[in-house]
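Data block below; observations after.
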Amino acid sequence: MLKFILKRLLSTVLVLLVVTFVLYLLLNAALDFFWDLRSSTSPNIESLYESRRRLLDLDTPAVVRYFKWLAGVGGCAIGQCDLGIAWKSGQEVTSQLQGAIVNTIKLISAATIIAIVLGVAVGMISAIRQYSGFDYFITFVSFLLYSLPVFWVAVLLKQWGAIEINNFLSDPQIETWLPIIAVCLAMGLFWMGALGGSRNRRLITFAAATLITFVTIYYILASGWLQQPRIGIVGVVLIGAGTAIVMTFLSTGLRNKRVLYATLTVAGIGALLYMPLQYLFYYQEMNWLWMVGLLVVAIVIAVGVGLAFKGPDPWDTARTTFFTVLVIAVLIFADRVLQEWGRYSAHPAINNRPIATIGASAPNVAGDFWMANLDSFTHLLLPSIALILISFASYTRYTRGSMLEVMGQDYIRTARAKGLNERTVVMRHALRNALLPLASIIPVDIITMVGGAVITETIFGWNGMGKLFIDSMHRSEIDPIMAYIVITGIFAIIANLVADFLYAVLDPRIRVNA
Amino acid sequence: MSIRNDNQTPTDEAQDIPAEVKDNGIEAKETEGLSQGRIVLRKFLRHKGAMIGVIVFAFIALFAYSALGIGPIPGWWIHNHTSSGPVVNPGGAPTWSLSEPFSLGEHPFGQDEIGRDNFAMVMKGTQISIMVMLIIGAVSLVIGTIVGALAGYYRGWIDSVLMRVTDGVIILPTIVVGAILGKLVSGTSGAMLGVVLGAVLWTSLARLVRGEFMSLREREFVDSARVAGASDFRIMFKHMLPNAMGVIIVNTTLLMSQAIVLEAALSYLGFGIQPPDVSLGRLISEYQTAFATRPWLFWWPGLFIILIALCVNFIGDGLRDAFDPRMKTIPSWRKMKKAERMAQKGAK
C-alpha cells in the first residue's frame, strides 16, 4: 500500500513539474508584460521599457527563468519560500497567498458539504421513485443547473438574493399573497413526490406539507421574526424533537422505541443545556477551539446516551443519537449567531442591508466571535449558493445513477426476500454501496469546484485564490499565476490520492497492485 | 436478413413474472429484424427530451445563421450587430407588444445605450457560440479518440506516457488552463479559441475510449483481423472504432454542452472572444451592470446560452439511452395493458 502511494505520488509530482514548465512557457508567450506602457506617452518611454525588462529579468531566456523560479519554490521545503513578486503592486506572492488560501477553503468547504448532503439525499429519492413525476422534475432541474452559466446566476442572485431581500427586510410589507401560496403549493407537491405512497398518503402529505409551509411563513411574517430572527428555547425544543423523530425514522424506524427514546433524551438534554450554554457564551469569550471542544463533549454525551440505552444493538442507537446531536449542536450555534442579528444589521457599516453582495467580510465591523461569524455567513451566503447549484446537479445525477445500479443487484433482492422492510433495504443495503463510488467522485468534483470558484470569487469580489488568479492574469503578473497553478496542482494531487486511498480502504474488491 | 437482439427473452419462458415478460415482449417485437444502428436510431427518435432538444437547437441555429447571414451572404434581419441607430423606445426598451395587433417593432429584443440592436447582437453571439462549440467538439473528438485508441490498443509505455499527459491536463481546472490558452490566442479568431479549448477538454473522452479499446482488443474479431494480416492502423480504425462509436458520440455531445458554458465563462472573464467580435458570454459581461436599468440586455444572451446548453444536454442524454443496451424504454401504460392481453390470449 505504502509503495503504491509513493509510486503514485512520485509520478503525479513529476507530471505537475512538467505542467508547470509548459504553462510557464505558455504564460510567457501569452502575457504582455508591457501592457501598461503601450499607450503611455511619457518622454522616457524607452527607459521605462528598459527598467521593466530588468525588473522582470526578461533578457534571460524563459527556460532559465523557469528554473530560477523553481529554485524559489523548492525553497519552501526548507522553510524559505520565494514565490516571486507580483510586479504591478510590488507585493510578495507569499503574503498575497496567506489570506487567499483561507478564504477559498472557507468558501469551498461550506459549499461542498452542503452540496454533497443535498445532492445525495435528492439523488437517492429520485432513484427510488424512478420514472415518477418527481424523478423527471429532478432530472430536468439538474440538466438546467448543468446548463446555467454561473456568472449569469450570480448577477440574478445579487439582484434578488441580496438587493431585493435587503429592501424587503428593511420594510417587510407583503403586497400580494399569490407568490407565497404558490411557494406553499410547490412545497406540498415536492414533498408529495418525494415521499410517495398510496393515493391517500400522497394527499395527506400534500395537505400537511402545504399547511406547515404556510403556517411557518405566516408566523415568520406576522410575528416580526424577520426583524429579530432567532430560534430560541422553543425552537430548539421543537426542532430538536423533530430531528430525533426523523433520525429514528431514517435509521431504524419509529417502531424501535428504544432508539426513539434515546434520541428524544438527547434532544431533551440539548434543551436543558440551552440556558447554561447561554451563560457560558455570555461570560466566556468564545473561539473555534471552544466550539470544537463543546462539539466533542456533545458527541460524547450523545454516544454515551445511545450506549446507555443498551438493547440488542447499542451502536446502532449510538449512531442515531450521534446524528441527532450534530443537528442540535448546529441549532444552538445558529441560535447564538442569530442573536447578533439586530445589532449586526443596525451597525453603521451594514446600514440595515445585512446580505452582502461583495467581499469576504464587511470593513470596520468590530465585534466578538459571534458577530464576526454572522458577518462571515452573510458574506458566504450568495457565493455559496452559486457554487452549490452546479455541484448539486452532478451529485444528484451521480447518486441517482449509482443507486439505480445497486437497486438492481441480486443482494438487494435477497435482502427483500429475507423480509427486511424497505427502509432497511434502501438505507442499509443499497445506499451504503451506492455511496462507495462517490468517494472517487468527490475529489474530482472539488477540483471542479475550485474552477467554479474562479468565476464565483471574481463576481462576488471574494478575495480568494480564484480572484487572485484572474486579477493576476489581467495584470500580467506571472508569479502569482504560477503560485496558483502549483497550489491548485498540489491540492488536486492530494485530493486524488485521498480518493484512491479511500476507495481501496472502503471497497475490499479493489486490489492495490504496486 | 434479420439480426436478433441478444438481450431478449423468449416470451413463453417466464409466464409468472408478468412485468418482465411484458417489457421484453414489447421490446422483442419492436426490435425484431432490425440492425443495431436502426435500433439505436429508433430509441433515439422515441426519446422525447432528445427530440425536443434536436428541434429547438436546429431552430435556434437556423434562426441565428439566417437572421444575420454567414460571411458575405446577407441575412433577413434589417440591422446588424455593430451599427448603432436612433434609440426608439425610452432607454432602448424592447419594441414588441402583445396587445392587439401583435407586432415586433423595430427592435424586438431592445437596444443598448448607443442604439445597437440587441436582437442582432444576440443572434451574432449565438452564431459564434455555436461555431466555437462545434469546433471544440470536433477538436476534442479527434484528440480524445486518437489518444484513447493508441493508449488502449498498444498498452505498455505508450499507454503510460499518454495517460500521464492526460493527468497533466486534468490536474488543473479547465477554466484555468482555458484562461491561459485563451489569453495566448486572444486577438485571433473565435475559431482559434475553439481549437485551443478543444485541446483542454478531450481528457475525459480519451479515458473512456481507452477503457473501451482495452476491452475490445481482447475480442475474437480483433484476433481474426490480425490473423488475416490487417495492419494495426486498420484494426484500430476499421474494426475497433465502429464498436466504440457509442461511447464516443455520447461523450462528445455531453462535452459540447460543457464547452458552450466554458466558452461563455471565459468570454465573461475577458479571456475568450474579444471585441469587436461578440459572443453570448461577452454580451453578459458587457451588460451585467445594466441589469437594473436595461434588463433585456442581460436576459436574452443568458437565455440563449441556457437554451443551447440544455438542448445539447438533452440530446446527449437521449443518445446515451439509445446506445445503452441495458436501457429499456419504459412502455406506456396502454402498451403494457395490450401486451398483457396478448399474453393472456396466447396462454388460452
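The values are calculated or read from the model by the stated rules, or taken from the named source; none is laboratory data. Computed from a predicted structure; not experimentally measured. Cβ: placed from backbone, ideal geometry, glycine included. Neighbour counts: every protein chain shown. Protein only, heavy atoms only, side chains kept; ligands, DNA and RNA dropped before computing areas. Shrake-Rupley method; radii C 1.70, N 1.55, O 1.52, S 1.80 Å.
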Exercise. Which residue out of B:Thr145, B:Thr166 is within 24 Å of the chain's Cα centre (by Cα), away from chain A (no Cβ under 12 Å), crowded, with 18+ Cβ neighbours inside 10 Å and among the hydroxyl-bearing types (Ser, Thr, Tyr)?
Worked result: B:Thr145
Exercise. Can you spot a residue in region A:140-154 that is in contact with a helix residue (DSSP H, G or I) (Cβ under 9 Å, 6 or more places away or on another chain), within 14 Å of another protein chain (Cβ to nearest Cβ) and not in a helix (DSSP H, G or I)?
Worked result: yes
Exercise. Is it true that B:Leu319 is closer than 25 Å to A:Arg397 by Cβ and more than 8 Å from every other protein chain (Cβ to nearest Cβ)?
Worked result: yes
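Residues checked against (1) aliphatic (A, V, I, L, M); (2) surrounded by 19 or more Cβ atoms within 10 Å (Cβ to Cβ); (3) within 24 Å of A:Phe249 (Cβ to Cβ):
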{"position": "A:Gln409", "(1), (2), (3)": "no, no, no"}
{"position": "A:Lys418", "(1), (2), (3)": "no, no, yes"}
{"position": "A:Glu422", "(1), (2), (3)": "no, no, yes"}
{"position": "A:Val425", "(1), (2), (3)": "yes, yes, yes"}
{"position": "A:Ala439", "(1), (2), (3)": "yes, no, no"}
{"position": "A:Val444", "(1), (2), (3)": "yes, no, no"}
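Residue by residue, here is whether (1) of a type in the set (Gly, Ala, Ser); (2) open to solvent by 20 Å² or more (accessible area, probe 1.4 Å); (3) outside any helix (DSSP H, G or I); (4) within 18 Å of A:Ile233 (Cβ to Cβ) holds:
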residue	(1), (2), (3), (4)
A:Leu295	no, yes, no, no
A:Gly304	yes, yes, no, no
A:Ala318	yes, no, no, no
A:Phe322	no, yes, no, no
A:Leu326	no, yes, no, no
A:Val330	no, yes, no, yes
A:Arg336	no, yes, no, yes
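Got a sec? Which of A:Leu10, A:Leu48 is farther than 30 Å from A:Ala360 by Cβ, within 14 Å of another protein chain (Cβ to nearest Cβ) and in a helix (DSSP H, G or I)? Let's see the steps before the verdict.
Values: A:Leu48 fails: within 14 Å of another protein chain (Cβ to nearest Cβ).
A:Leu10 is the lone residue from the list that is farther than 30 Å from A:Ala360 by Cβ, within 14 Å of another protein chain (Cβ to nearest Cβ) and in a helix (DSSP H, G or I).
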Seminar exercise, completed: If you go through A:Val444, A:Val450, A:Val425, A:Val454, the only one that is without any contact (Cβ under 8 Å) to a residue 24 or more places away in the chain and within 14 Å of chain B (Cβ to nearest Cβ) is A:Val454
Problem set entry | Criterion (open to solvent by less than 60 Å² (accessible area, probe 1.4 Å) and aromatic (Phe, Trp, Tyr)) met by exactly one of A:Phe137, A:Phe151 | A:Phe151
Exercise. So, in region A:446-468, of the ones that are open to solvent by less than 10 Å² (accessible area, probe 1.4 Å) and in contact with an Asp or Glu (Cβ under 9 Å, 6 or more places away or on another chain), which residue ends up modelled with the lowest pLDDT?
Worked result: A:Gly464
Problem set entry | Search result, residues across region A:225-268 that are open to solvent by 60 Å² or more (accessible area, probe 1.4 Å), without any contact (Cβ under 8 Å) to a residue 12 or more places away in the chain and under 16 Å from A:Ile332 (Cα atoms) | A:Val234, A:Leu238
Seminar exercise, completed: When (1) in contact (Cβ under 8 Å) with a residue 12 or more places away in the chain; (2) within 14 Å of another protein chain (Cβ to nearest Cβ); (3) outside any helix (DSSP H, G or I) are applied to A:Tyr131, the one that fails is (1)
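For every residue, the table says whether it meets (1) under 30 Å from the mean Cα position of the chain (by Cα); (2) at pLDDT below 80; (3) acidic (Asp, Glu); (4) assigned to a helix (DSSP H, G or I).
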site: A:Val15; (1), (2), (3), (4): yes, no, no, yes
site: A:Val18; (1), (2), (3), (4): no, no, no, yes
site: A:Ser40; (1), (2), (3), (4): no, yes, no, no
site: A:Gly75; (1), (2), (3), (4): no, yes, no, yes
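Scan region B:201-210 for residues that are part of a loop (DSSP other than H, G, I, E, B) and either loosely packed, with under 11 Cβ neighbours inside 10 Å or among the β-branched types (Val, Ile, Thr) (or both) and report the count.
The total comes to 0.
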For this session: State which residue pairs qualify: first residue more than 10 Å from chain B (Cβ to nearest Cβ) and inside region A:17-34, second residue part of a loop (DSSP other than H, G, I, E, B) and at pLDDT below 90 in any location, beta carbons under 6 Å apart, and separation of 6 or more residues or different chains.
Result: A:Phe33/A:Leu56; A:Phe33/A:Ser476
Problem set entry | Among (1) within 13 Å of chain A (Cβ to nearest Cβ); (2) surrounded by 24 or more Cβ atoms within 10 Å (Cβ to Cβ) - the single one B:Phe213 does not satisfy | (1)
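Do we find a residue being touching a Lys or Arg at 6+ places or on another chain (Cβ under 9 Å) and basic (Lys, Arg) anywhere in region B:157-177? Before you say what the answer is, go through the steps one by one.
Here is the first cut: in region B:157-177, the ones touching a Lys or Arg at 6+ places or on another chain (Cβ under 9 Å) are B:159, B:162-163, B:166, B:170.
Okay, now just the ones that are also basic (Lys, Arg), so none.
Checking region B:157-177: not a single residue is touching a Lys or Arg at 6+ places or on another chain (Cβ under 9 Å) and basic (Lys, Arg).
Condition first: hydroxyl-bearing (Ser, Thr, Tyr) and surrounded by fewer than 14 Cβ atoms within 10 Å (Cβ to Cβ). Now tell me which residues in region A:194-211 satisfy that. Explain how you work it out, then say what you get.
Taking region A:194-211 as the starting set, the residues that turn out to be hydroxyl-bearing (Ser, Thr, Tyr) are A:198, A:205, A:210.
Listed by number, the list holds a single entry, A:Ser198.
Quick check: is even one residue across region A:339-357 touching a residue at least 40 places away in the same chain (Cβ under 8 Å), open to solvent by 30 Å² or more (accessible area, probe 1.4 Å) and in a helix (DSSP H, G or I)?
yes
When you go through B:Tyr268, B:Tyr287 one by one, which is the residue that is facing another protein chain (nearest Cβ under 10 Å) and either surrounded by fewer than 19 Cβ atoms within 10 Å (Cβ to Cβ) or at pLDDT 85 or above (or both)?
Working: B:Tyr287 fails: either surrounded by fewer than 19 Cβ atoms within 10 Å (Cβ to Cβ) or at pLDDT 85 or above (or both).
Every option except B:Tyr268 fails the conditions.
Kindly indicate whether any position in region B:188-195 is away from chain A (no Cβ under 14 Å), closer than 29 Å to A:Asn28 by Cα and polar (S, T, N, Q). Give the derivation first.
If we filter region B:188-195 for residues that are away from chain A (no Cβ under 14 Å), which is where we start, we get B:189-191, B:194-195.
If we keep only those that are closer than 29 Å to A:Asn28 by Cα as well, we get B:189-191, B:194-195.
Then drop every residue that is not polar (S, T, N, Q), which leaves B:189.
Within region B:188-195, one or more residues are away from chain A (no Cβ under 14 Å), closer than 29 Å to A:Asn28 by Cα and polar (S, T, N, Q).
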For this session: Any chance you could count how many residues in region A:475-486 are within 11 Å of chain B (Cβ to nearest Cβ), modelled with pLDDT under 90 and open to solvent by 10 Å² or more (accessible area, probe 1.4 Å)?
Result: 1
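Results for (1) within 21 Å of B:Ser279 (Cα to Cα); (2) within 23 Å of the chain's Cα centre (by Cα), shown as yes or no for each residue.
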{"residue": "B:Phe44", "(1), (2)": "no, yes"}
{"residue": "B:His47", "(1), (2)": "no, yes"}
{"residue": "B:Ala50", "(1), (2)": "no, yes"}
{"residue": "B:Gly53", "(1), (2)": "no, yes"}
{"residue": "B:Leu62", "(1), (2)": "yes, yes"}
{"residue": "B:Tyr65", "(1), (2)": "yes, yes"}
{"residue": "B:Ile78", "(1), (2)": "yes, no"}
{"residue": "B:Ser84", "(1), (2)": "yes, no"}
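Looking at region A:51-72 only, could you name the residues that are open to solvent by 60 Å² or more (accessible area, probe 1.4 Å) and in a loop (DSSP other than H, G, I, E, B)? Reasoning before the result, please.
At the first step, the residues of region A:51-72 found to be open to solvent by 60 Å² or more (accessible area, probe 1.4 Å) are A:53-55, A:59, A:61, A:63-64, A:67-68, A:71.
A:Asp59, A:Pro61, listed by residue number.
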For this session: Please find, within region B:290-305, the residue that is farthest from B:Ser84 (Cα to Cα) out of those that are open to solvent by less than 20 Å² (accessible area, probe 1.4 Å) and under 22 Å from the mean Cα position of the chain (by Cα).
Result: B:Ile305
